[in-house]
Amino acid sequence: MSTTSPVRTTAVSAEGLWKAYGMGEAQVVALRDVSVQFESGAFTAIMGPSGSGKSTLMHCLAGLDTTDRGTVHIGDTAVTGLNDKALTKLRRDKIGFIFQQFNLLPTLTAEENITLPAAIAGAKADPAWLDQIIKTLNLADRLSHKPTELSGGQQQRVACARALATRPEVVFADEPTGNLDTRSGTEVLRFLRTSVDDFGQTIVMVTHDPSAAAYADRVVFLADGQIVEDMSEPTADRVIDKMKHFEELVAAAQGEHA
Amino acid sequence: MLRATLKGMASRKARLVLTSLAVVLGTMFVAAAMILTATMEKSVTGVIADAFTDVDAVVSSADDPAAAQGNTPSATLIPADVLETVAGVDGVEAADGDVTGQVNAIGDDGKLVGAFAPTIGFNWTDADTGFNEIREGRGPEADNEVIVSARFVSDAGLGLGDTVTAYSYTADRAEYEIVGVFGLSGDRDSLAGETQMGFTTTAAQRLLTQGEDAYMAIYVDGDVSTDAIAEAVGPDYRVRTGEEASEEAAQGFAVVADIMGYIFLGFGLVAVFVSVFLIINTFTIIVAQRQRELALLRAIGAARGQVVGSVLAEAVVIGVIASIVGLGLGVLLGWGLSQLVSSTVMGGLPVQLQVPATALGALAVGIGVTVLSAIIPAVKASGVPPVAAMRDAVNPPKPLRGITIAGIAVTAVGGVLVALGLTDNLGDLGLGGFLTGVGIAFVGITLLTPILSRPLVALLGSVMSWTFEGRLGKLNAGRNPRRTAITASALMIAVALVTGIATLVSSFKATTEELTDQNLESDLIVMGQQGANIPTFSRETLAEIKALPDAAAVGDLYGELFGAEVDDEPTTLYASEDLATSLAVFSGTVAEGSVDDLPDDGLAVNESAAEDRGLALGDTVQVAFADNTTAQLEIAAILDDSQLTDGWWVAPAQIEHFTVPKPMQAYIQVAEGADIAAVEDEVDSILADEPEVNVTNNAEFVEQQTGQLDVLLASVQILLALAIIIAIIGVVNTLVLSVLERTRELGLLRAVGMTRGQARRMITVESVIICLFGAVLGIAVGIGLGWTVQRALEEEGLTSFALPWALIVSYLVAAVAVGLLAAIAPAARAAKLNVLSAIAYE
């Protein structure tokens, strides 16, 4: 494989994922036989109503949660079946995380937060790469600040920088703009877009905001634990439109598996 | 509102258990102390109460009621004719003269029987058979026969038919045949660990009254009033009913239990004091964690007072439950301690468990401390703005200025009190003022710990932050200076107390060593360990030692440690067979007059002692000896002040008036060129027949002098271990709560790749730093405390200051160990956190 090749490889893939919570009557099936691939260098959004299983899917893909059946691969690594130690190492070296909130350690400065995964690994982050991210995120004059001295948008940009600092195979973002005002949210989304376009980063983002999803290359719709739609080149309008007809999609999905 | 509180508590069981533990431990020890005191008092009283129940009246000398108990050698004897007078009083059926006092007996192993509990000699009369029960043989009929207590048999290794050697301070050795063994009522072998020997009255008088036909007390049987007897014997004698005598005797014994009770109470209160920190901390953390809940309550209309009430209600519930549990455990502990004290110190005294009403005071202490400790966090909680319910509250650490200023002020007040107490400016309140000052200074320093924690935690942490997780641990430890400080303070107090005492002990050792090195010209010392009796040896033995060819000079020391008076003031007297030589051995010098051939009516005294009483060379003083003789003595020499020779020295001719007219110590200066070890062996063989004393070289002497202090130090350390345990629980508590509080942080760290081991080490480093901080602070404060006291005692002879380095290092090592130990559970908890739920944790 050559870096110039237009052929995209698969960064993350799931095959026949099943996940249920609880037992007996109270059992809730969160994922029903979900199979999905995420190409490297692409920005994919996962959408769906509350309880659709979109967060569960992301957690299973990221090795944060175990699956009942099926397999997950990140790059060449089979995530399923790894022990805690291997999973930890996988998260540290191959995955970047951006959570909705509480992304930063309050005791560390912005810069230390950005290099946190490298520090945990006992390694040193690539300074040129760091410079580039920091510059893109416009964080240069905030590096020595503690999280409490940063605005919500700045905090989330620091989180983005941290997620990218180790050049992970994939960045998982869980509602990254959920806690931000529109302007800050837009900044974060633009950066994610840029990192895909300019740095070839792979991003999988869970969101319920159609305008956020519009920044992605592709939107995967989840309902009732199943993928019900896979949309390329989304726009906000198309996403909204799709969601308006969501009940039909769900009904169709249920009909299919009934 | 109460319902909400209780439901909230039910959902935080683990936290409650940890908080309660501190209250439980504190209450437990306070209660145990009170129960120990009451139980021992009751048990002792129970035993002693039997002592004179069969007796209708007790006649003793009016001068000295203590003599009736045989506790101190007394000159105030009752002559035989008084016994006859009493016997002649109408209604008196029987009057028995009692001769009781301390004797020495040599056991099967050639050593003194009962090193730490006295051997009591008395005259065995028929009256004794009520309280004592003959188990074997019979009472003594001839003056060379003796009946011994069962405890004597087990301690001495001698039994019926054996011959035992006994003597006293005033009587030479004589052999007695054991013709009987008796036990005490209630099938006991001993009253309180002592051994007993019952002689004929004549034999007892030979041992205890220098052969005089006199008694210490007279026990009367019969239907007769005490007034009638009192009238007959006159005002020189005191007449009590048997009950009154029992009560007084019991009080004397109960003092021992009281002292032990006070000691335990003291340590119990230290424990309570330490648990205050723990409770404050826990409630502060609980409130911080409940912030959203409390804000929600405020938002839906709860008044500030209701929020305070809600937190205090929690404190009351914890206080009540924990105090009751603590009281229950305290009863068990008190019973156990009583058993222990009884079996070790009191010779198997049967324990009658007694739970005094005051033990309920422990309940009040437990509840009060819990509620009071919770007030500050509760009031803070009420300040939570309702809007905090809506947002993710950020709690920036509060500025430390207020608490620091308060700390400086309080420390200064304590310091001034300590200084005044030390410089005798508080008069009679000196000791109380000093102790209060120390207490206040402790509180002040505790208030200063938060500000001290910043540089110290950073410093201690930098040692440990060679790994990234270590660095995170250090940052976490420094995160909330108040919390870290309070947690460490608990440890600080315990460590400060032991370090302070250890510093005093090491200073005392250094002082003794210095004195020995610089002032003692002798190479070998003959003396015994002070136990239940005053160790002495015979004059003949002293003469033999003096006659050794390799003994260049031998200093000797006689002492009157009881009851002598100089110009009506109680004074300890010393004497030496050859004062000039003895002074030379002790490096003592004469300022005025001469000690060569001190005349029989001559006296030597050191300068400042003479000055204190306005006496000068040539003045005459009246000396009243313990044997009721008096003498006019003239000051023939004034000695320069020197610690080893300070005191009042009388001529050798007066030694016969001493309570113990035997040499107590001898200091041998070995001739130049002679082998000290060889001379030591020679002296040792001379001492073969002297069970009370042995010979040591100077190094061993220092060791012997200070050995008991090590025991004291060890006991203090054991007792303070309790406070340390509470402090450890405090550390565990703080860590567990911190882990809870930082659940999402831990989740984040684990999500971005921190291994379980790293998480564990991060918590462990935080724990070790907190413990080290407490230990370092405690050591510093303890050294300060020890130094202050040493300065105060400098004039009393504690001239050197020395640090207990080995102990200090071991405390630091222990602090690290404690830190590791305290971190086990919280670290495991942090490592086990489920990453997903930790991230989602609110």
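Here, each number is a calculation from the coordinates, and none is a lab measurement. As the structure is a prediction and not an experimental result, all values here were calculated from the model. Note that each Cβ is placed from the backbone with ideal geometry, even for glycine, and that neighbours are counted across all protein chains shown.
In nm, what is the difference between 0.36 nm times the number of residues separating B:Ala62 and B:Trp805 and their Cα-Cα distance?
262.1 nm
First select every other residue whose beta carbon is under 11 angstrom from the beta carbon of B:Val307; then total the charges, Lys and Arg +1, Asp and Glu -1. Computed value for this residue: +3.
Amide hydrogen proximity for B:Ala626: with H placed 1.01 Å from N in the peptide plane, the residues at 5 or more positions away or on another chain lying under 5 Å are B:Thr659. Note on B:Glu84 and A:Ser151: the model spin-label points, each 7 Å out from Cα along the C-beta direction, lie 11.6 nm apart. For segment B:288-338, the fraction of C-alpha pairs farther apart than 17 angstrom is 54 percent. The dipole here belongs to segment B:54-242: it is taken about the Cα centre, uses +1 on the Cβ of Lys and Arg and -1 on the Cβ of Asp and Glu, and is about 680 debye. Translational diffusion of segment B:566-645 was estimated from the Stokes-Einstein equation, with Rh taken as the Kirkwood radius over Cα pairs; at 4 °C and 1.567 mPa s the coefficient is 100 µm²/s. Projection of the Cα convex hull of segment B:76-166, averaged over all directions and equal to a quarter of that hull's surface, yields 7.4 nm².
For segment B:613-770, the alpha carbon convex hull comes to 317 Å³ per residue, rounded to a whole number. Note on A:Lys146: aspartates and glutamates with a C-alpha under 13 Å away, same-chain residues under 8 apart excluded, are A:Glu111, A:Glu112. Cα-based radius of gyration for the protein assembly as shown, normalised by 2.2 N^0.38 Å, reads 1.33.
Its alpha carbons give segment B:54-242 an Rg and a Dmax of 16.3, 51 Å.
The Cα center of segment B:668-712 and the Cα center of segment A:152-229 differ in position by 87 Å.
Using the Cα gyration tensor of segment B:649-716, with a ≥ b ≥ c the square roots of its eigenvalues, what is the shape: rounded (a/c below 1.5), prolate (a/b larger than b/c) or oblate (neither)? Taking the square roots of the gyration eigenvalues as a ≥ b ≥ c, segment B:649-716 is oblate.
Three principal axis extents of segment B:529-692 based on alpha-carbon atoms, in descending order, are 48, 33, 24 Å. Setting aside same-chain residues fewer than 8 positions from B:Lys662, which lysines have a Cα under 27 Å from its Cα? Counting by Cα, and skipping residues close in sequence, B:Lys662 has these lysines nearby: B:Lys111, B:Lys546. Taking amide H atoms as placed 1.01 Å from N in the peptide plane, the amide H of B:Ala553 lies under 5 Å from those of B:Gln669, each 5 or more residues away in sequence or on another chain. Within segment A:3-105, the trypsin sites (Lys or Arg not before Pro) that combine a DSSP coil assignment with at most 15 other C-beta atoms in a 10 angstrom radius are A:Arg8. From the Kirkwood radius over Cα pairs of chain A, Stokes-Einstein at 25 °C and 0.890 mPa s returns a whole-number translational diffusion coefficient of 130 µm²/s. Spacing of the modelled spin labels on B:Ala825 and B:Asp223, each 7 Å from Cα toward Cβ, amounts to 7.0 nm.
Shielding of peptide A:95-106 by partners, expressed as the average count of other chain Cβ atoms within 10 Å per residue Cβ, is 4. With Rh defined as the Kirkwood radius, the inverse of the mean 1/r over Cα pairs, the Rg/Rh of segment B:778-836 is 1.36. Only DSSP H runs of four or more residues enter the estimate; each adds -39500 (n - 2.57), and after division by the residues of chain B the mean residue ellipticity at 222 nm equals -19000 deg cm²/dmol.
Distance distribution note for segment B:630-681: the fraction of Cα pairs above 13 angstrom is 74%. The angle between the Cα long axis of helix B:468-477 and the main principal axis of chain B comes to about 70°, on a 0 to 90 degree scale.
For segment B:306-317, the Karplus equation 6.51 cos²θ - 1.76 cosθ + 1.60, evaluated at θ = phi - 60°, returns couplings of 5, 5, 4, x, 5, 5, 5, 4, 4, 4, 5, 4 Hz by residue, with Gly and Pro reported as x.
Helix B:676-686 axis versus longest C-alpha principal axis of chain B: approximately 60°, rounded to the nearest ten. With one equal scatterer per alpha carbon and no solvent term, the Debye-computed log10 I(q)/I(0) for chain B at 0.06 1/Å reads -0.55. Between A:Ala26 and B:Asn834, the C-beta separation translates, for a Förster distance of 25 Å, into a calculated FRET efficiency of about 0.80. With a Förster radius of 45 Å applied to the C-beta separation of B:Lys111 and B:Trp466, the computed FRET efficiency comes to 0.20.
Summarising the strand pairing of segment A:147-246, around 60 percent of its internal DSSP beta bridges are antiparallel. Find out how many positive minus negative residues lie around B:Thr511, taking Lys and Arg as positive, Asp and Glu as negative, among other residues whose Cβ is under 12 Å from that of B:Thr511. So the environment of B:Thr511 carries a net charge of -4. The angle separating the long axis of helix A:84-94 from the principal Cα axis of greatest extent in chain A is about 60 degrees. Each semi-axis of the equivalent ellipsoid for segment A:1-118 is √(5λ) with λ an eigenvalue of the Cα gyration tensor; in descending order they amount to 26, 21, 15 Å. Checking a compactness column here: for segment B:260-372, what do you get for Rg(Cα) / (2.2 N^0.38 Å), N being the number of residues? Ratio of Rg to 2.2 N^0.38 Å for segment B:260-372: 1.45.
Among beta bridges from DSSP that stay inside the protein assembly as shown, the antiparallel ones total about 70%.
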